[in-house]
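Remarks on the structure that follows.
The values are calculated or read from the model by the stated rules, or taken from the named source; none is laboratory data. Predicted model only: the values in this text are computed from it and were never measured. Side chains are part of the model used for accessible areas, which takes the heavy atoms of the whole protein and leaves out ligands, DNA and RNA. Shrake-Rupley method; radii C 1.70, N 1.55, O 1.52, S 1.80 Å.
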Amino acid sequence: DEVLTFRRTTFLAVALIVAAGPALAAGGERGDFELGVFAGYGILDNYPQDAGPTLALEDDLIIGARFGYWFTPVWSLEGSFQTLDTTTDLPNPASNVDVTLEGIRLNGLLNFNEGKSFRPFITVGVGQESMDLGDLSDTSVNIGAGARWSVTDTMNIRWDVRHVWAKYESPVSTVQNNIETTVGLGWIFGGGPAPDADGDGVSDRKDDCPNTPAGATVDEKGCPSDSDGDG
């Protein structure tokens, strides 16, 4: 079931990208800010009780939000918060209870394909994971990869997959290995003016003719206009 759900989420990410059609390069310049929301699925490890059986938490849906800053077109940093509401899956169904897992994380991202509409990335970060059952809370490390696909000048579709290691002391010391995959929307705003190497008023990331001679009249793609239509 977990593998099937993982595949469905991945398929949804791909379908959203395809449905977007021709896309634009959206942001990712030095000084840009990024706000995003996401949802997905968490495949959970078995959380042991105090020297007893595991809680056998059900895999379930994740929702969350993130906020980031681009130091360069390649390097960015973001903070995120997410929550996952699930239930235990104990041998005695009458003993099952609702459980909420929350995570607060800080991640660095290495972004590829500068200036392009499709921008894959890799990420690594640290965080604080908590579980309301027993008020457990401890640090975590996560690594992952994903991609953004620009659908307007400021909005992108984003897909992430990551592995999260979280260590809990309850008082039994245990390291949990969780897998997460999410799909979300991101909005990029702020920052300084976009680079325009040839000074034609069309930013480099939209300019199909980046070496237009000075003073030339250009169209919306940054290419010299043909006002008299003679080719």
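Annotations for the structure displayed:
- Asp219, Asp200, Asp135, reordered so the largest accessible area comes first (probe 1.4 Å): Asp135, Asp219, Asp200
- Across the accessible surface of region 59-216, with the other protein chains kept in place and a 1.4 Å probe, carbon and sulfur atoms take up 63 percent.
- The 1.4 Å probe gives accessible areas that order Leu133, Leu61, Leu90, largest first, as Leu61, Leu133, Leu90.
- Bridgeable lysines around Lys206 (alpha carbons under 21 Å apart, same-chain partners fewer than 8 residues away excluded): Lys116, Lys221.
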